[in-house]
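Engineer: Next up is a structure, given as structure tokens.
The values are calculated or read from the model by the stated rules, or taken from the named source; none is laboratory data. All figures in this text were calculated on a predicted structure; none of them were measured in a lab. FYI the Cβ positions are ideal-geometry reconstructions off the backbone, even for glycines, and counts take in every protein chain you see. When the accessible area is computed, the model is the full protein with side chains, heavy atoms only, and any ligands, DNA or RNA have been set aside. Shrake-Rupley method; radii C 1.70, N 1.55, O 1.52, S 1.80 Å.
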Amino acid sequence: MALIAGSLVFWAVAWWLNVRLAASRWAGTAAGRLAVPAIFGLTLLVLWEGLVRGLQVPSVILPPPSAIAARFAVSTDILWADFVQTFVKGALTGYAIGAVAAFAVALAADRWEVLRRGMLPVGSFMAALPIVGTAPILVMWFGFDWQSKAAVVVVMVFFPILVNTVEGLRAADAMQRDLMITYAASPVQTLLKLRLPAAMPFVFNGLKISTTLALIGAIVAEFFGSPTLGMGFRISTEVGRLALDMVWAEIVVAALAGSAFYGAVALIERRVTFWHPSQRGRG
Amino acid sequence: MADAALTASPGAGVAGRGRFAARAARAVWPVLMIVGVIVAIWYAACLPMNVKESLNQAERAGAVIVPEGGQARRDASPWVLMAQNPGHLGGVWSQDRPRLPAPHQVAVELYETTVGMALAGRAFSNRSLFTHAWVTLSATLLGFGIGTALGILLAVGIVHNRAMDMSVMPWAIASQTIPILALAPMIIVVLNSVGISGLLPKALISAYLSFFPVVVGMVKGLRAPEAAQLDLLRTYSATRAETLWKLRLPASMPYLFASLKVGVAASLVGAIVAELPTGAVAGLGARLLAGSYYGQTVQIWSALFAAALLAAALVGLIALAQRLVLGRMGMAR
């Protein structure tokens, strides 16, 4: 009972603190913008821990965060092996292949107008489809190991990157193209010096959307068959054994990997498109 | 069409319609060409993919195949086999369990499990894709409804409460970089163990997936009114509720529809994936899983196309609603 009351009090205090912080002059500063969501996240964890322990929720339904952290700490070697299998081998390889392929096709589509007119509607259509559904087919073709997961990821990331790159290659406006013509620039020079740089915000938009898709594809594909390691394999088997602390530990790994992947791409974007209005004034 | 309606002379209308048709044709031909190329590649790809099974079948039927015996051909390159047996390749497009079914096989299977069964009066039997599509669709729609409603509510809260904005918004954005779908098996099994099964767990996963796009889009939309417009309402001494109903919500409609399209596609993926871990017996995801267990590739492909058609129909419906609503509101682009 004390645990429940304690966590509820913590909630109330944190709420009050956040309301005060948001209204204070700290709200505009970087510290304030970091502190408020951090307090909110901490409150959720405390509530979770207090309520689960206080109400004695069985761990086969919801383990408390401390149990998840403990499980995480003792099984780092398994988690690391799963991470390498699913993220590094499956997701990253597929992401790289898919991005390069989409980029190449986008360049071809940009070169031939008919191709672009046909490719763009088909690509946007495909990007909205439940492509994870191809996983059983690709697992059948490429076997249980990471190659089939990479193949699923290739198909999943291909269309968003393609559509965004094709859009981006049209982003340079007529005035800028005219300027390149007055310089007597060849089409290749115009492409390299004007249109590719101008396309980069769009390209990175596609690349950022695809980071999450890559991870989802690699994990879900493992539900259709995998060697005895990998994040999706671990999640589905540990769920079957009702070892939910291990499942949550894998989900923590997936969340960290997803955020780090997105963050890395966003960081590269900031370096590449430093000139774009959305990147200015961000230190 | 609009310029044709404005001109008075009767001939101009016809010319305008002609131009409209020409523009439509200009838009459609390249798409048809790409689709045609894809279908052609698909048919061609059936050759190397299915050549071994096809040759085995031909040999059992008494044909002379080089090299002899399935054993000898197992590790041979499909290209070499195709070059050595050019006369016996007809079977690659009509295998029972092909590695890659030909487009017409998928089309026939789709027709037989939908229209064919409906004509036979068994539109909702266990083998009918209508049954499976409906199971998945009902979970998708229920989840999409829940997720959208909660998303809009949270967005309204975020726009009106600065503490909530600063607390929740960073997490809502960060959660989009997390593969939430990985939670699906656990949610299903946990809810199952406390006695909740069937439609609701799947709908919850769908709701979860459509929730965040709606929150992020609606927060953007509710903040879309310009400062001058908000100031005008202040001079009317409008209450916050009035400002919400008369300015913020109408202004957010384009953003709402954009995120609804993303959300409904995500909901469908959620419902399909939610059917995987429990070994569900009905639903498009269950068809995929059963097909992959028993090597029924034609069944997998037809379930996949059914899912694609469903996704396209859902997104198309929302696009239609978007055109109607925004058209009525005078916001159509």
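Engineer: Where in chain A are the helices, taken as whole DSSP H runs, whose Cα atoms extend 24 angstrom or more along the long axis and whose Kyte-Doolittle mean reaches at least 1.0?
Structural biologist: Helices passing the filter in chain A: A:2-23, A:30-54, A:93-111, A:146-168, A:196-222, A:244-272.
Engineer: Residues of A:215-222, mean number of Cβ from any other protein chain within 10 Å of their own Cβ, rounded to a whole number?
Structural biologist: Partner-chain Cβ atoms within 10 Å, mean over residues of A:215-222: 4.
Engineer: Right, something else. If you take every residue apart from B:SER54 with its C-beta less than 15 Å away from the C-beta of B:SER54, what net charge results, scoring Lys and Arg +1 and Asp and Glu -1? Can you show the working numbers first?
Structural biologist: Working: positive: B:LYS52, B:ARG60, B:ARG73, B:ARG74, B:ARG97, B:ARG99; negative: B:GLU53, B:GLU59, B:ASP96.
Around B:SER54, the surrounding residues sum to +3.
Engineer: Further, regarding this structure: Accessible surface of A:LEU21 in the full protein assembly, 1.4 angstrom probe, to the nearest 10 Å²?
Structural biologist: Answer for A:LEU21: close to 40 Å² accessible.
Engineer: So how do A:171-183, A:31-43 stack up, highest first, on mean other-Cβ count within 10 Å?
Structural biologist: Details: A:171-183: 11.8, A:31-43: 16.4.
Put in order of decreasing packing, that is A:31-43, A:171-183.
Engineer: Report, as an integer, the average count of C-beta atoms from other chains found within 10 Å of each Cβ along A:36-48. Could you put the intermediate results ahead of the total?
Structural biologist: Values: counts 9, 9, 2, 3, 8, 4, 0, 1, 2, 0, 0, 0, 0.
That works out to 3 on average.
Engineer: Treating the beta-carbon of each Lys and Arg as +1 and of each Asp and Glu as -1, no other charges, what is the dipole magnitude of the protein assembly as shown about its Cα centre, to the nearest 20 debye?
Structural biologist: It comes to approximately 1560 debye.
Engineer: Rounded to the nearest 100 Å², what's the accessible area chains B and A bury against each other, both chains counted, probe 1.4 Å? Each step should come with its number before you reach the end.
Structural biologist: Working: alone 18980 and 15940 Å², together 30760 Å².
Counting protein atoms only, the buried area is about 4200 Å².
Engineer: Let me ask something else. Enumerate the calculated ³J(HN,Hα) couplings along region B:158-174 in order (Karplus 6.51 cos²θ - 1.76 cosθ + 1.60, θ = phi - 60°), each rounded to whole Hz, writing x wherever the residue is Gly or Pro.
Structural biologist: Once θ is set to phi - 60°, the couplings for region B:158-174 become 5, 5, 9, 10, 5, 5, 5, 4, 5, 7, 8, 4, x, 6, 4, 6, 4 Hz.
Engineer: Quantify how strongly other chains surround peptide B:163-176 by giving the mean number of their Cβ atoms within 10 Å of each of its Cβ atoms.
Structural biologist: Going residue by residue through B:163-176 and averaging, the value is 6.
Engineer: Using a 1.4 Å probe on the protein chains only, how many percent of the accessible area of region A:72-279 belongs to carbon and sulfur?
Structural biologist: 71
Engineer: Once the convex hull of the C-alpha atoms of chain A is built, how many Å³ does it hold per residue, rounded to a whole number?
Structural biologist: Per-residue hull volume (Cα only) is 165 Å³.
Engineer: Right, something else. If you roll a 1.4 Å probe over the heavy atoms of the protein chains, what accessible area per residue do you get for region A:72-279, in Å²?
Structural biologist: Value returned for region A:72-279: 43 Å² of accessible area per residue.
Engineer: Anything over 22 Å Cα to Cα? Flag those among B:LYS220/B:LYS246; A:LYS208/B:LYS220; A:LYS149/B:LYS202; A:LYS208/B:LYS202, in the order listed.
Structural biologist: The answer is A:LYS149/B:LYS202; A:LYS208/B:LYS202.
Engineer: Where does helix B:184-193 land angle-wise versus the long Cα axis of chain B, in degrees 0 to 90, nearest 10?
Structural biologist: Compared with the principal axis, the helix lies near 80 degrees.
Engineer: Can you pull the Rg over Rh of chain B, Cα-only, Kirkwood?
Structural biologist: Rounded to two decimals, Rg over Rh is 1.10.
Engineer: Can you tell me the mean projection area, over all orientations, of the convex hull of the protein assembly as shown's alpha carbons? Units nm², please.
Structural biologist: 37.6
Engineer: Shifting gears a bit: Can you tally the net charge around A:ALA104? Count Lys and Arg as +1, Asp and Glu as -1, for every other residue whose Cβ sits under 13 Å from the Cβ of A:ALA104.
Structural biologist: Net of charged neighbours comes to 0.
Engineer: What is the Å³ per residue value for the convex hull set by the Cα atoms of region A:6-48?
Structural biologist: Expressed per residue, the convex hull around the Cα atoms of region A:6-48 is 44 Å³.
Engineer: Another question, then. Which chymotrypsin sites (Phe, Trp or Tyr not before Pro) in region B:212-289 sit in a loop by DSSP (not H, G, I, E or B) and have at most 13 other Cβ atoms within 10 Å of their own Cβ? Present the calculation step by step, with values, prior to reporting the outcome.
Structural biologist: Details: sites: B:TYR236, B:TRP245, B:TYR255, B:PHE257; in loops: B:TYR236.
Those satisfying the criteria are B:TYR236.
Engineer: Let me ask something else. Compare B:ARG74, A:ARG170 by solvent-accessible area with a 1.4 Å probe and give them largest first, with all protein chains kept in place.
Structural biologist: B:ARG74, A:ARG170
Engineer: Then there's this: Measure nothing fancy, just the Cα-based angle from helix B:249-274's long axis to the longest principal axis of chain B, in degrees from 0 to 90, nearest 10.
Structural biologist: 30
Engineer: To the nearest 20 Debye, how big is the dipole of chain A about its Cα centre, given +1 on the beta carbon of each Lys and Arg and -1 on that of each Asp and Glu?
Structural biologist: 820
Engineer: Can you check what the net charge comes to around B:ILE300, using other residues whose Cβ is under 13 Å from the Cβ of B:ILE300 (Lys, Arg +1; Asp, Glu -1)?
Structural biologist: +2
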